[in-house]
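Taking it in order: structure first as C-alpha cells, then the write-up.
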2 protein chains.
Amino acid sequence: MYGYFNGSILPVEQIAFGITDLGLLRGFGLFDYFRTYNGRPFQWDWYWERFANSAAKMHLPVPINKEEAHRVVLELIDKCNLPDIAVRFVMTGGYSPDSISVVRPNLLMMAEEIHPTPPNQYEEGIKVILDEYVREMAEVKSTDYKRVILLAQAIRSARASDVLYHKNGEISELSRSNFFLFKGDRLITPNRHILHGITRRTVMHLAQNDFQVEEGPVTLSDLYDADEAFTTSSTKKVLPIVQISDLTIGDGKPGQRTRFLLDEFNELIKNW
Amino acid sequence: MYGYFNGSILPVEQIAFGITDLGLLRGFGLFDYFRTYNGRPFQWDWYWERFANSAAKMHLPVPINKEEAHRVVLELIDKCNLPDIAVRFVMTGGYSPDSISVVRPNLLMMAEEIHPTPPNQYEEGIKVILDEYVREMAEVKSTDYKRVILLAQAIRSARASDVLYHKNGEISELSRSNFFLFKGDRLITPNRHILHGITRRTVMHLAQNDFQVEEGPVTLSDLYDADEAFTTSSTKKVLPIVQISDLTIGDGKPGQRTRFLLDEFNELIKNW
C-alpha cells in the first residue's frame, strides 16, 4: 500500500513521524476516512468538506488544496492496484520546537485495505453497550479515541461490538459511527454532540422518500419504544442494532425498514 | 540528543513512529517528563511511580521495569554530555493491525534540552486566563493537550502565559502545571480533577514546616481574597501568578511567601 506524506508518495512502510510531532506528543491531530466503490472515491466532495471543516476548527491550515488532494487520492488508488481501497487522511500539529507550539502541520494520506463488516452482523444485528460519555469537540474528527480503546475489554466481556454514548439522558453516537432509530415510519437520529457522518447524510437522503426523517434529541427513554435501530459509517454502511445493554430492540432481529435502507444504500454504491 | 525506543538507544533524529501507531491515529498515549539536577534525575522514584500509574489506568503494560528504565535514563544522561537534561517518556498503544486494537505498546524515552523559564517571570510573576474546562482523565498524564494548543492565540492576545482551568465554579490546574494560593499563612491547592504534580508534592513537603498546607476544593471566589498565587511544574519550579484574567492577585507583585518557597526549592535542587 502507498501513502502521501508532506508532498511525497511512498510505500507506507517507508513513512514515519518524527518524535516531536504534536499528534504523537500532545494528541493534536485530526483525520478523515473514506473508501472507494468501483475504484471511485465515495462522496469525495462531502468528505473533503468535512476534513477542511475539522482542520479549520483546530486552527490548522490544510497544506494542500482540494484538486491536488483529489489527484493524490487517484494516484494512490492507481498505485495500490486493488478493486477498492480505503483512504485515511491524518493531519497533526506537525513538528514542534518546544513540544507545544504549532509551526506547520504534517499531512498524511494513506491507502488502507478495507476491513469489511462480517456478513453475519448484517443478518443477526449487533449488540452495543451504553456508556455515559460525550466526546470533546464531537463535531471535529479529532484523533481522540481514548475512551473506546479503554472500553475494549468491557465491550468484549459483554459480547458486544461497540459502545453507544449518552450524557444527561441524551444519546449521541457510537464510538465511530452514527445512531438511528425507527418508531414506526419515523426515522430519528441525534443532532448534537456528534460527528456528522457522511454515511449518515447519505442515508438521510435515501430515506426521505419513504420515511419521516427527524434530526433531534434522542433520549435514553426513546430506546424503550423504538421498533428498530441501526448505525451508519463508511465501513458499516447500514448495520442493524438489536440489543443495547440489557434492552432488546423490537423483536431482537434486524428490522424490515433497516434492511430496506441497507438495500437502498447497496444499490447506490453498486452504481457509484 | 539521544533517545531509547523499544529497546535501542539512538540519536533522536533516527527515531520515528510508524503510521499505524495508536498514539498518532487515536490519541492513545501517555507520557511523563522530568529533569536532572547536578546530572541526577530529580525525584526519580516519584516520577516512575506516576508513569506506572498512568500506564495502569490506560491498561497498558510497561514493557520495561523500573531498574532497567533507570539504567536507560543514566545512559541517556551520559551520552548527551550536558550538565543537565530533561527526559520525556512517551508510551502509546503501539502499532495496530486495524487502527483500533492494542497489541503491544511503543515506548520512547528521549533526552531533551531544558527550556528554562525566563528569569523575568520569577521577578514579575505571570498572568493566566481562566478557561472553563476540565481535562478528561485529569489524573492520568495522557497526551491529550488539544485544549491549550487551541487556546494559544487567546493566551497570546491576553498577553498571558497560560490558562487556569475551572469547571462548575471549581479550579483545577493550569494547562501543564498545578495551582496554589496563599490566604495568610494557609497554603491551599486543589485536590481533584488534577494531575498530581511531582513538583507540587515536593513543594507541599517543603511548605509544611512554615505554613498550614491544605489540599481541597478551590473555588473561583477563593481567588478574590487570595494574598498570593503560584504554579508549580518541573520546568517552572515555583512561579508566581500575579494576574488571573481581569483579577489582580494581592498587590500585583510576586508575594513574599511564594518567594520563600521558591528559595526553599532552589536550595533543595542545589544539593540534589
**Prompt:** Within region A:227-238, is even one residue in contact with a Phe, Trp or Tyr (Cβ under 9 Å, 6 or more places away or on another chain), in a loop (DSSP other than H, G, I, E, B) and small (G, A, S)?
**Reply:** yes
**Item:** Test result for A:L164, open to solvent by 20 Å² or more (accessible area, probe 1.4 Å) and either within 14 Å of chain B (Cβ to nearest Cβ) or under 15 Å from the mean Cα position of the chain (by Cα) (or both)
**Value:** no
**Request:** Output the qualifying pairs, or none if there are none: Cβ atoms under 8 angstrom, residues six or more apart or on different chains, first residue in region B:209-225 and over 21 Å from B:H193 (Cα atoms), second residue open to solvent by less than 50 Å² (accessible area, probe 1.4 Å) and assigned to a strand (DSSP E or B).
**Result:** B:F211/B:F182; B:F211/B:L187; B:Q212/B:L187; B:Y224/B:L247; B:D225/B:K183
**Fill in**
By residue number, the members of region A:7-28 that are within 7 Å of chain B (Cβ to nearest Cβ) and in a strand (DSSP E or B) are A:A16, A:F17, A:G18
**Filtered residues of region B:228-272 (kept if open to solvent by 80 Å² or more (accessible area, probe 1.4 Å) and more than 26 Å from B:I114 (Cβ to Cβ))** = B:D246, B:D251, B:K253, B:Q256
**Request:** Check region B:35-52 and report whether any residue there is part of a strand (DSSP E or B), open to solvent by less than 10 Å² (accessible area, probe 1.4 Å) and more than 14 Å from chain A (Cβ to nearest Cβ).
**Result:** yes
**Complete:** Among the residues of region A:167-187, the number that are more than 30 Å from B:E132 (Cβ to Cβ) and either among the basic types (K, R) or open to solvent by 20 Å² or more (accessible area, probe 1.4 Å) (or both) is 4
**Request:** Mind listing just one residue for me: the one in region B:241-257 that is of a type outside the set (S, T, Y), part of a loop (DSSP other than H, G, I, E, B) and in contact with a strand residue (DSSP E or B) (Cβ under 7 Å, 6 or more places away or on another chain) and, of those, modelled with the lowest pLDDT?
**Result:** B:G250
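Condition check ((1) touching a Cys at 6+ places or on another chain (Cβ under 9 Å); (2) more than 17 Å from A:S233 (Cβ to Cβ); (3) among the small types (G, A, S)) across all residues:
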site: A:K146; (1), (2), (3): no, yes, no
site: A:S161; (1), (2), (3): no, no, yes
site: A:K167; (1), (2), (3): no, yes, no
site: A:F179; (1), (2), (3): no, no, no
**Request:** Kindly indicate whether any position in region B:69-88 is touching a Leu at 6+ places or on another chain (Cβ under 7 Å), part of a strand (DSSP E or B) and either within 14 Å of another protein chain (Cβ to nearest Cβ) or at negative phi (or both).
**Result:** yes
**Item:** All positions within region B:128-161 that are more than 11 Å from chain A (Cβ to nearest Cβ) and either at pLDDT below 95 or open to solvent by less than 10 Å² (accessible area, probe 1.4 Å) (or both)
**Value:** B:V128, B:A138
**Request:** Mind telling me which of the residues A:E124, A:E112 ends up being surrounded by fewer than 22 Cβ atoms within 10 Å (Cβ to Cβ), modelled with pLDDT of 95 or more and away from every other protein chain (no Cβ under 14 Å)?
**Result:** A:E124
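The values are calculated or read from the model by the stated rules, or taken from the named source; none is laboratory data. It should be emphasised that the depicted structure is a prediction, and the values quoted were computed from it without experimental measurement. All Cβ positions, glycine included, derive from the backbone under ideal geometry; neighbour counts span all protein chains shown. What goes into the accessible areas is simple: the full protein's heavy atoms, side chains included, and nothing from ligands, DNA or RNA. Shrake-Rupley method; radii C 1.70, N 1.55, O 1.52, S 1.80 Å.
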